[in-house]
Amino acid sequence: MKVLVVDDSESIRELVGMTLESEGYQVHKSADGVEALDHLTSTEVDLVITDLNMPNMDGISLVREIRKDDAKTGLPVLLLTTESQVAKKDEARQAGATGWIVKPFAQDRLLAVVKKILR
Amino acid sequence: MDSLQHIFIQEATELLSELEEALLAFENNLEDRDSMERIFRAMHTLKGASSMFGFTDVNDFTHELESIYDALREGTLKATPGILELTLEAVDHLGEFIKNPSHEDESIKKRQKTLLEKIKAYNTGLTPTAPTSIKETGNPSLATFYISFTPGKDILKNGSNPLYLLEDLLELGKGCVLPAFPHLPGFDTLDPTTCYTSFEVLLETEHSEADIEDVFLFVADGSGIKIERFVKPVTLTEALRQKFLDTLPSERPLGLEKVKGLMEVEELPEEGQAVVAKNSTKKNILPENKASLNSIRVSSEKLDALMNQISELVTTQARLSMLVNGLEVAELGAITESMSKITRKLRDNAFSICLIPIDTLVVRFQRLVRDLSKELGKNIELITEGTDTELDKSVIEKLSDPLLHLMRNCIDHGIESPAERSRSGKSEKGTIRLEAYNSGTNVIITLSDDGAGIDPGKIRARAIERNIIPADAELSEQETYQLLFEAGFSTAETVSDISGRGVGMDVVKRGLEDLHGGIVIQSEPGKGTKFTIRLPLTLSIIDGLLVEIGENTYVIPLHRVEKCYEIPATLLTSIHQQIVLDGTRMPVFHLGEALQCENTASTLNQVIKLEYEGKEVGVSVDAIIGEHQVVLKPLGHMYKEQEEFSGATILGDGTVALVFDIDRLLKKLISESVKNVNYGKLSYQ
């Protein structure tokens, strides 16, 4: 199972990556939405986990872009962010985000969510 | 986890420096939206990362700061110098904090508290921002929710399973699920891929409403979700559960009112507790920063390894070329030649990877000038030019301290107070210029101020007083200025907090010498002082001049060589070893003698003119072999006392040649000749 982790913070990328790798997921990493889209054109992944606030292209715009692409129908996208405002969540939901995890998150909680989506 | 912590600390340090840079830019122009966005983003990223790595204090801190800048961004708060001052202070504090996370230091703790209070003071009166996740999860009190979930008809087709969601819900606490299927069609029209069931859930949980919403974020738009919270928590006893489960399927869905009736509680849901979608007013920020897209980060160890391998390649290539030259096989010669071309290109490319612009240092300087000039009540502007000039990463790292020290000197001793300046007819605002440019394989950095300048008379008096030179020494102006770099020399009349930190200019010079660089001072009393620093572009591979002394081969770094001459030995006078070349008189040192070599040639000397501390000095060798690309290898432990050599290199034929450290060599030779000859009489200019 391949997971694309998108976050402008390297440490978060590494942390999420390590957490997922420990459970045998194959992890790809991108630093922002533009990079992530670029990555997705060449690589097929099973799940995208993205930060919300990023330079160049933020998480919600990334979700919108992914949803526009018919080839990626059904690709789950999880938002991983410090933001917990209802309005933001709603915006993400409408954009087509699959789920939402609030930072700081427990590693096992992240794994549980990922497992549920990818089962 | 440790390596992750390391990555975090590195990242946080970078973010803080980005923050600082943006803050300084913002201070210059309070209308600058770009800087504001940069500040906000850096804070946000720092907040997110710090919360994940257990730096809860940093998280609290950045959260409060972020609120201020959010308000600034939204226009509900106006930017003032006070806010910026406070933010800069906070950034400094965070920097120390991250470096020393155990924070057992009481003073840091105390400062943390006062700073946090100050920041909070700005935040009171602002509309509260969304609660942080910490506050959200930190509420342990039980609450009871009524959740109605009507999955969209297509939910099964999209690959979701509502039962998983219900499972998730029940994981949050204790509760019961009541399914209902009021719209179930007859068997003949039933579509097995359509979901006809809806659910009502009663849940008693410690989790917040947001957590419950989280569960349903997996659900597409078509589903209906209603979450209501009972003002007073109701304990879901077994009896109560049974009461719900006993309701007939035809009665369901029960609806909130009926549920309440069954619970026999007269409660109204709190206002605003229902999930209401608010229209987001915040725009997504998409700064036009495409530059960062095309770069990747590589650990410096990997780069060092790459450089090392390329060095090996260069050496091996040289050997191959040499071998092939002797063979006279035309085809092989052509191949070797093109390979050597490629190797050279590869070397240059690998170099440029390790080069970073001086820019990275400038932020620190800008901050220093700003802080110090405030502290000293001076009005100083820092003008930088050519800071995109690149230097090897390792050079930049080691350059920081010497440059900072010089900068401190300019601010503290160089630039006068505004009153003094206007008295001497200058503008009140002092200027410090930092300029950098490439010059061959050197990079020249000049740091100049338009301050009081340095009085050579004062230096001389002080040097005599400190027994650095004898009272009757005759020194040129440049030599006098070089005295500033002698250990134990300080011209500051009182040791001030700023430049007198127990580190003298001698440390600056030593630092630069370690980089194989040099420094020259020019000064004019009343007009200002100019430091000119010369640095080699890189430390590991240099172009060298291969020379023969005695039976051995040595390398003189080519970037120090100005000119080569062939001189009959008789022209070199034996006492002072002075010679006039191209109209300039200069001392000449015979390296063969200095190195105590036997069989040195005597009839004809090759004299190489070198530059040393702004003067010209000659050294004589037996023969000049030619140019050679030198891969500098450190000398082993045994040779660590041999200061006049900076390293060794392997030549094409496999022999080893020592590489001179010109500055240290000449320093040693000059000081030895001073011992032999009276200082006052030796004049090398």
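Read-outs: derived from the displayed coordinates by stated rules, not from any lab. Computed from a predicted structure; not experimentally measured. In this analysis, Cβ positions are derived from the backbone assuming ideal geometry, glycine residues included, and neighbour counts consider all displayed protein chains.
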**Report entry** Net lengthening on full extension, B:Ala334/B:Ser476 (0.36 nm per residue, minus Cα-Cα)
**Finding:** 45.7 nm
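What order do you get for B:Ile411, B:Ile296, B:Ile579 when you list them from fewest to most C-beta neighbours inside 10 Å?
On the way: B:Ile411 26, B:Ile296 5, B:Ile579 20.
Fewest-to-most ranking of B:Ile411, B:Ile296, B:Ile579: B:Ile296, B:Ile579, B:Ile411.
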Report summary line: Extension length gain for B:Leu163 and B:Leu24 (0.36 nm per residue less Cα distance), in nm, is 44.6 nm
Query raised in the report: Between B:Thr76 and B:Arg33, what is the label-to-label distance in nm when each label sits 7 Å out along the Cα-to-Cβ direction?
Result: 2.0 nm
Query - Residue-wise HN-Hα coupling along region B:403-420, computed from phi with Karplus coefficients 6.51, -1.76, 1.60 (Hz; x: Gly, Pro) - result: 5, 4, 5, 4, 4, 4, 4, 4, 6, 6, 9, x, 6, 7, 5, x, 5, 4
Query raised in the report: Rounded to the nearest 20 Debye, what is the dipole magnitude of the protein assembly as shown about its Cα centre when Lys and Arg each give +1 and Asp and Glu each give -1 at the C-beta?
Result: 640 debye
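Using only atoms on other chains, find how many Cβ atoms lie within 10 Å of each Cβ of peptide A:10-23 and report the average.
On the way: counts 9, 16, 10, 3, 6, 8, 1, 1, 3, 0, 0, 0, 0, 0.
What the average comes to for A:10-23 is 4.
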**Report entry** Integer Hz, Karplus 6.51/-1.76/1.60 couplings in order for region A:67-72, x for Gly and Pro
**Finding:** 5, 5, 8, 5, 5, 9
Requested in this report: Quick one: of A:Lys116/B:Lys226; B:Lys398/B:Lys530; B:Lys78/B:Lys426; B:Lys120/B:Lys393, which pairs are farther than 32 Å apart, Cα to Cα?
Outcome: B:Lys78/B:Lys426; B:Lys120/B:Lys393
Report summary line: Counting only residues 5 or more apart in sequence or on a different chain, those whose built amide H sits under 5 Å from that of B:Glu381 are B:Gly430, B:Thr431, B:Ile432
Query raised in the report: If each residue's Cβ is checked for other Cβ atoms within 10 Å, how do A:Asp46, B:Asp388, B:Asp663 rank with the fewest at the top?
Result: B:Asp388, A:Asp46, B:Asp663
Query raised in the report: Among A:Lys29/A:Lys103; B:Lys341/B:Lys615; B:Lys563/B:Lys668; A:Lys89/B:Lys113; A:Lys29/A:Lys88; B:Lys47/B:Lys113, which pairs are too far apart, with a Cα-Cα distance over 27 Å?
Result: B:Lys341/B:Lys615; A:Lys89/B:Lys113
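In the neighborhood of B:Val363, defined by Cβ-to-Cβ distances under 12 Å, what is the net charge if each Lys or Arg adds +1 and each Asp or Glu adds -1? Don't skip to the answer; put the middle values down first.
On the way: positive: B:Arg364, B:Arg367, B:Arg370; negative: B:Glu14, B:Glu18, B:Glu20, B:Glu21, B:Asp359.
Cβ neighbours under 12 Å give a net charge of -2.
So what's the net charge close to B:Phe149: Lys and Arg +1, Asp and Glu -1, counting the other residues with Cβ under 11 Å from its Cβ? Before the final figure, lay out the partial values.
Details: positive: B:Lys226; negative: B:Glu200.
Summing Lys/Arg as +1 and Asp/Glu as -1 gives 0.
Set the Förster radius R0 to 56 Å, insert the Cβ-Cβ distance between B:Ser300 and B:Thr189 as r into 1/(1 + (r/R0)^6), and round the FRET efficiency to 0.05. Walk me through the numbers before you get to the answer.
Numbers: r = 69 Å, r/R0 = 1.23.
Once rounded, the FRET efficiency stands at 0.20.
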Query raised in the report: On average, how many beta carbons from a partner chain sit within 10 Å of the beta carbon of a residue in B:185-191?
Result: 0
Requested in this report: List the residues whose amide H sits under 5 Å from the amide H of A:Met54, counting only those 5 or more places along or on another chain, with H placed 1.01 Å from N in the peptide plane.
Outcome: A:Gly59
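Can you figure out the FRET efficiency of B:Lys232 with A:Asp38, using R₀ = 60 Å and their beta-carbon distance, to the nearest 0.05? If you can, show how the numbers build up before the last one.
Working: r = 53 Å, r/R0 = 0.88.
According to the calculation, E is roughly 0.70.
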Report summary line: By Cβ neighbour count within 10 Å, fewest first, B:Cys410, B:Cys564, B:Cys195 rank B:Cys564, B:Cys195, B:Cys410
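Enter the mean number of other protein chain beta carbons within 10 Å of the beta carbon of each residue in B:4-12, as an integer.
Numbers: counts 7, 2, 2, 7, 6, 1, 2, 7, 2.
Other-chain Cβ atoms within 10 Å of each residue's Cβ, averaged: 4.
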**Report entry** Using θ = phi - 60° and Karplus 6.51 cos²θ - 1.76 cosθ + 1.60, couplings along region A:29-34 (whole Hz; Gly, Pro as x)
**Finding:** 10, 9, 8, 7, x, 5
Query raised in the report: Which one of B:Phe531, B:Val547, B:Tyr565 has its Cα pushed farthest toward the positive end of the charge dipole of region B:524-566, where Lys and Arg give +1 and Asp and Glu give -1 at the Cβ?
Result: B:Phe531
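So if we plug the beta-carbon distance of B:Glu551 and B:Ile468 into 1/(1 + (r/R0)^6) with R0 = 30 Å, what FRET efficiency do we get, rounded to 0.05?
Values: r = 40 Å, r/R0 = 1.32.
Result of the calculation: an efficiency of 0.15.
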**Report entry** Dipole axis of the protein assembly as shown (+1 Lys, Arg; -1 Asp, Glu on Cβ), positive-most option in B:Val234, B:Gly75, B:Val443
**Finding:** B:Gly75
Query raised in the report: Name the residues of region A:69-100 whose amide N is less than 15 Å from a point 7 angstrom out from the Cα of B:Glu171 along the C-beta direction?
Result: A:99-100
Requested in this report: Note down the nm distance, to one decimal, between modelled labels 7 Å out along Cα→Cβ at B:Asp371 and at B:Ser427.
Outcome: 2.7 nm
